[in-house]
Amino acid sequence: MIAQVPGFRIGYDDQGEGLPVVFLHGFPHDRTLWATQRVALAPQARCIVPDIRGFGHSSTHGPYSMDQYADDVVMLLDALRLERAVVCGLSMGGYIAMALWRRHPDRVCAFVFCDTKAGPDTEEGRARRDDLAALVKQGGTRVIADAQITGMVGPATRERRPEVVAALRAMMGRQSAAGVIGALQALRDRPDSRDTLRTIRVPTLVVVGEDDALTPIKEARAIAEALPSAARVRLEIIAGAGHVPCLERPAATTHALSDFLATLA
């Protein structure tokens, strides 16, 4: 499905009825990252899964920033005439979710932070973003797939589920160079969200893959510990998964999400 908003096109899926849940993918993914959860949770919730600006079927022009991505999500909610939603973001999607709370807290009724972190990039990390952007300019987005695939999935997935690795590599490699480069700049320049976490007052689930090398368990625990008691925090560690448990351990991830959504009904 395509939503036409002022000056912009958003590709998205919309399935199910009930409590609206917006699923935000990571970098450099598209909305198919959440396909299993969209189908499995449709009997329980209205699953809205957009392509972030620059990815999938969404427009590829800028500006690119976490604030702009958050505003794009609100434009989609407006187009669908939805006042509030649960916001579930993985990795970069988690950064967007935190920006949503800073800019549009009245549009969020609960959070799921999945395999993400609250702190900004280090100087080394910022330089790495610039290096990756230069590589994409020279060699296209397959370069980013080759550079990130090993860290994106856990060792169990690499050893036992080569089809998942292949599908994820293909997803990463088919994204637009403009969107990937813009997202790298947005990731590089994103603000520190640790103070943002301390202001969250809606129920929050924190999910992390046991073997996540990019945003490890310590980052998930730091998020959970920073959230105030009003957030009614739950932490779920998905065994045998790396940075994308929704693909690596889809049933376990769906179960954790379903249990959390049941508490919001």
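Close amide H partners of VAL112, meaning residues 5 or more places away or on another chain with modelled amide H under 5 Å apart, are VAL87, CYS88, GLY89, LEU205. When each of the peptides 109-116, 197-204 is scored by how many other beta carbons lie within 10 Å of its residues on average, the order from highest to lowest is 109-116, 197-204. Ordering PRO245, ILE52, PHE27 by Cα displacement along the dipole of the chain toward the positive end leaves ILE52 in first place; charges were set at the Cβ atoms of Lys, Arg (+1) and Asp, Glu (-1). Projected onto its three principal axes, the C-alpha set of the chain covers 48, 43, 35 Å, listed from the longest axis down. Could you list the residues of segment 82-97 with an amide nitrogen less than 12 Å from a label point located 7 Å from the Cα of ASP106 in the Cα-to-C-beta direction? Those under the cut-off are 83-84. The charge dipole of segment 154-206, taken about its Cα centre with unit charges on the Cβ atoms of Lys, Arg (+1), Asp and Glu (-1) only, comes to about 100 debye.
For segment 108-247, the solvent-accessible area works out to 44 Å² per residue, with a probe of 1.4 Å and every protein chain left in place. With protein chains left intact and a 1.4 Å probe, residues in segment 1-79 average 35 Å² of accessible area per residue. When the helices of the chain are scored as -39500 (n - 2.57) per DSSP H run of n ≥ 4 and the total is divided over every residue, the value at 222 nm lands at -14000 deg cm²/dmol. Length available on full extension from LEU264 to ALA167: 0.36 nm per residue minus the Cα-Cα distance, which gives 31.6 nm. Sequence-ordered 3J(HN,Hα) estimates for segment 71-79 from the Karplus curve with 6.51, -1.76 and 1.60 and θ = phi - 60° stand at 5, 4, 4, 5, 4, 5, 4, 4, 4 Hz, glycine and proline given as x. Would you please state which residues of segment 191-216 a label at ASP121 would reach in this model, taking the label point 7 Å out along Cα→Cβ and a backbone N cut-off of under 17 Å? So the set is 191-193, 214-215.
Only the Cβ atoms of Lys and Arg (+1) and of Asp and Glu (-1) were treated as charged; on that basis the dipole of the chain about its Cα centre amounts to roughly 140 debye. Dipole size of segment 1-158 about its Cα centre, with +1 on Lys/Arg Cβ and -1 on Asp/Glu Cβ: approximately 100 debye, rounded to the nearest 20.
As a fraction of the 1.4 Å probe accessible area of segment 114-256, surface on carbon and sulfur atoms comes out at 49 percent. If you take all other residues with their beta carbon under 10 Å from the beta carbon of ARG84, and give Lys and Arg +1 and Asp and Glu -1, the sum is -1. Using the Cβ of ALA265 as centre and a radius below 13 Å, the other residues enclosed give a net charge of -1, where K and R count +1 and D and E count -1.
The values are calculated or read from the model by the stated rules, or taken from the named source; none is laboratory data. Predicted model only: the values in this text are computed from it and were never measured. Counting neighbours? That spans all protein chains shown, and the Cβs are built from the backbone with ideal geometry, glycine included. For accessibility, only protein heavy atoms count, side chains too; no ligands or nucleic acids. Shrake-Rupley method; radii C 1.70, N 1.55, O 1.52, S 1.80 Å.
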